[in-house]
Structure formats: structure tokens, C-alpha cells
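**Q** Got a structure for you, questions after.
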Amino acid sequence: CSSLTPDTAVISPQDPTLLIGSSLQATCSVLGDPPGATAEGLYWTLNGRRLPPEFSRVLNASTLALALANLNGSRQQSGDNLVCHARDGSILAGSCLYVGLPPEKPFNISCWSKNMKDLTCRWTPGAHGETFLHTNYSLKYKLRWYGQDNTCEEYHTVGPHSCHVPKDLALFTPYEIWVEATNRLGSARSDVLTLDILDVVTTDPPPDVHVSRVGGLEDQLSVRWVSPPALKDFLFQAKYQIRYRVEDSVDWKVVDDVSNQTSCRLAGLKPGTVYFVQVRCNPFGIYGSKKAGIWSEWSHPTAASTPRSGEDIEAPGGRTVI
């Protein structure tokens, strides 16, 4: 919405902000004596649609009043277009009409750190979410016992309500993190989330995943990978999960009990069948952290086939599918 302020008329109030369900009393007053622009010939439009004449009444020769009751939320967050027209349809004046709700308290903040180098957080905007007005969300963070408030600057990195802090984060010291929401009708602040970067570390998917046959065994495949190279200089443990599916299926079977190994043998497979295999990593216990850790994304699928029944020749290892 953009307010129109020509010299021929003025709308009052200009650019009002109202709660959903409110009423609006507005006037369009002609300035001077433009030809064909007396109050009796004026009419109103809202978002390009002419409002019924019973919503208006003439106050005097130069002023037309408008009464709207039980207003709905604005159709666009930038405001609805309320326009006063002359008899011939020309625009005399315009106003932005903002109708909505104040922001609700953001909640469900979750954060993770990729290889202890950054911090990404996301949140839920409120129980209902929709305010019908442009609402600004700011992620704030500070060291728990000292330091000043900082404002995250890289928004929408993993969705509409998220933000990324790329660097300059301290380890071994808790952070306080919260979200502030503001719009034309008010503001709200989330509860404070306290966390240590070491407790929310995730990493890249395991690289170099190889899947190969186990000799001539028809029902088995061997899976090997390496631990996350980005964490090689840190004291940590790791858990791994494997999932696999047959080529023509979308149903994955997950192997949970891989623990800290970097290899695993899949058994009970179908002979002569192509399987897709993925691996993911959960780094935990970094420098003694007691938290459960956060799973990485899955690695790119790697494909390999089990030998057909009676097949004697060992086929080459698996191929990565991009």
C-alpha cells in the first residue's frame, strides 16, 4: 500500500492501524473547489472494489464520511488501499488501512552449531502465527553472565523463522537466546533459551561412504565410512545410523546400533537386488558435554547390489548417487 496525498483532498485518519473486529470512522475532505468534486459525487474503494453507498454519508458540501464495522485482517501485510474517488473515477486521496493483531509470544526455539563454528536457530512465531500485519522478528543473544545484547543479522537461512550467526562464538560459556516480535500493534518476547555451544553441535554427513559385497554372500553388504573431518581436532564421541532401501521402494530400514564404529555389515538382504544406503553422524560428548547430541543430515545415497543366487564373481563396490 502507498498513501496518495494529492492536493485535491485529504483522508482522515491517515494510515490508521486497528485491531481485527474494530470499527473505522473516516472522512474524505475536498480541498479548494476542484471541478466535479463535491461530497455528493464522491465514493470510496477498498483494494480496488467500490464500497456500497450505505457505508458513506455526506457531512457537508466538501466532506464524505465512511463507517466500516467489524473489520477483517488486512489482505496484504503492507496495508489495504482505501481510496477516495471523484464522480468520474479519478483518485482524490488515498490511505493505507492496517488491520491485524499484535504479535504473540514466539516459542519453541531450537538451535544447533555446525562443527562449533556457527549457530543457527529457528522458532515458532506464536500459537496462531498470522497477525495480518508485517511483523518483524529479531533473534537476540548474549553471554549469560556478562557481555552485551547481540542481534542476529542473517535471517531466513533454514526457513521463514530462522537466523544464522556465522562466527565469533565463545565455547565453554553459556549463551542466553531469545526472540523479539514487533509490529504496528505491539511487541512480544519469547522465553530465554540458555545453551552451551558444545551441547548443540552437529556436523556434516559422513564422507566417503562405500558399499560393497561381502565375497559371494547373497544376503549381505559391507558399509564403510570415515568420521567427520571437521571435528578431527576435538575430543568427542560419535554415534552413527545407517538406513537402506531397495531400489524400487521409498521405505527405509534404519540400523540404530552402529555405535562408534565406522563400518557395518548389512545382513538378511535379498539376493540380486540393488540397495541404496545412507549414513548420518551424531557427535556427542564434545569436551565432556553430557547432552545427547544432534544428528547430521544423511549422506548422499550410495548404491550397490547383492550377488544373484549362484553368482561367483564379485562385483565392484557401490556408486554414489547425486
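**Q** Give me the mean projected area, in nm² to one decimal, of the convex hull enclosing the Cα positions of the chain.
**A** Values: hull surface 98.8 nm².
Approximately 24.7 nm², given one-decimal rounding.
**Q** Using a 1.4 angstrom probe and counting only protein chains, how large is the accessible area of Lys114 in Å², to 10?
**A** 80 Å²
**Q** Let me ask something else. Looking at the chain as a GNM with Cα springs under 10 Å, which of Gly216, Gly94, Gly126 has the largest mean-square fluctuation?
**A** Gly216
**Q** Another question about this same structure. Can you list the HN-Hα couplings for region 160-170, worked out from phi with the Karplus curve (6.51, -1.76, 1.60; θ = phi - 60°), rounded to whole Hz and with x for Gly and Pro?
**A** Per residue, the Karplus-derived 3J(HN,Hα) values read x, 10, 7, 7, 10, 9, x, 6, 6, 10, 8 Hz.
**Q** In nanometres, what is the gap between the two model label sites at Arg49 and Asp33, each 7 Å from Cα along Cα-to-Cβ?
**A** Each label point is offset 7 Å from its Cα along the Cβ direction, giving 3.9 nm.
**Q** Strictly over 28 Å apart at the Cα level, which of Lys114/Lys142; Lys114/Lys290; Lys167/Lys232; Lys105/Lys290; Lys270/Lys291; Lys117/Lys140 would you flag in this model? Write down the numbers at each step before the final one.
**A** Values: Lys114/Lys142 19 Å; Lys114/Lys290 18 Å; Lys167/Lys232 20 Å; Lys105/Lys290 30 Å; Lys270/Lys291 38 Å; Lys117/Lys140 18 Å.
Exceeds cut-off: Lys105/Lys290; Lys270/Lys291.
**Q** I've got another one for you. Karplus couplings for region 89-105 from phi (6.51 cos²θ - 1.76 cosθ + 1.60, θ = phi - 60°), rounded to Hz, Gly and Pro as x?
**A** x, 5, 7, 9, 6, x, 8, 8, 10, 9, 10, x, 10, x, x, 8, 5
**Q** Tell me the Rg and the Dmax, in Å, that the Cα atoms of region 107-201 produce.
**A** 13.3, 42
**Q** Looking only at Cys163, Cys28, Cys111, which one moves most when the chain is put into a Gaussian network model with springs between Cα atoms under 10 Å?
**A** Per the Cα network of the chain with a 10 Å cutoff, Cys28 tops the list.
**Q** With a 1.4 Å probe and all protein chains kept in place, how do Glu54, Glu104, Glu153 rank by accessible area, largest first?
**A** Details: Glu54 135, Glu104 65, Glu153 160 Å².
Order by accessible area, largest first: Glu153, Glu54, Glu104.
**Q** Among His156, Asn183, Ile294, flag the residue with its Cα farthest along the positive direction of the charge dipole of the chain, charges on Cβ as +1 for Lys/Arg and -1 for Asp/Glu.
**A** Ile294
**Q** Quick one: among Val58, Val250, Val99, which has the greatest mean-square fluctuation in a GNM of the chain with alpha-carbon springs under 10 angstrom?
**A** Of Val58, Val250, Val99, the Gaussian network model singles out Val250 as fluctuating most.
**Q** Please give the length that would be gained between Glu40 and Lys105 if that part of the chain were fully extended, namely 0.36 nm times their separation in residues minus their C-alpha to C-alpha distance (nm, one decimal).
**A** Residue separation times 0.36 nm, minus the Cα-Cα distance, leaves 18.7 nm.
**Q** May I ask what percent, to the nearest 5, of DSSP beta bridges between residues of the chain are antiparallel?
**A** Values: 80 of 85 bridges.
Taking every DSSP beta bridge within the chain, about 95 percent pair in antiparallel fashion.
**Q** Here is a further query. Just the accessible area per residue of the chain, please: how many Å² with a 1.4 Å probe?
**A** Value for the chain: 53 Å² per residue.
**Q** Name the residue farthest towards the positive end of the dipole of the chain from the options Tyr43, Leu139, Val99, assuming +1 on Cβ of Lys and Arg, -1 on Cβ of Asp and Glu, about the Cα centre.
**A** Leu139
**Q** Would you kindly state how much longer the chain becomes between Asn260 and Asp15 on full extension, computed as 0.36 nm times their sequence separation minus their alpha carbon distance, in nm to one decimal?
**A** Answer, rounded to one decimal: 82.0 nm.
**Q** Using only Cα atoms, locate the centre of region 168-210 and the centre of region 250-288, then give the distance between them in Å, rounded to an integer.
**A** 29 Å
**Q** Short version: what are the Cα gyration tensor semi-axes of region 258-309, square root of 5 times each eigenvalue, largest first, in whole Å?
**A** 32, 12, 7
**Q** Where in region 80-173 are there chymotrypsin sites (Phe, Trp or Tyr not before Pro) that are in a DSSP coil and have at most 13 other Cβ atoms within 10 angstrom of their Cβ?
**A** Taking region 80-173 and a limit of 13 other Cβ atoms within 10 Å, the loop chymotrypsin sites (Phe, Trp or Tyr not before Pro) found are Trp145, Tyr146, Phe172.
**Q** Taking all protein chains in place and a 1.4 Å probe, what share, in percent, of the accessible surface of region 107-201 do carbon and sulfur account for?
**A** 48 percent
The values are calculated or read from the model by the stated rules, or taken from the named source; none is laboratory data. Owing to the predicted nature of the structure, the values given are computational and were not obtained by experimental measurement. All Cβ positions, even for glycine, are placed from backbone atoms using ideal geometry, and neighbour counts span all protein chains on display. Quick note on the areas: whole protein, heavy atoms, side chains included, nothing else; ligands and nucleic acids left out. Shrake-Rupley method; radii C 1.70, N 1.55, O 1.52, S 1.80 Å.
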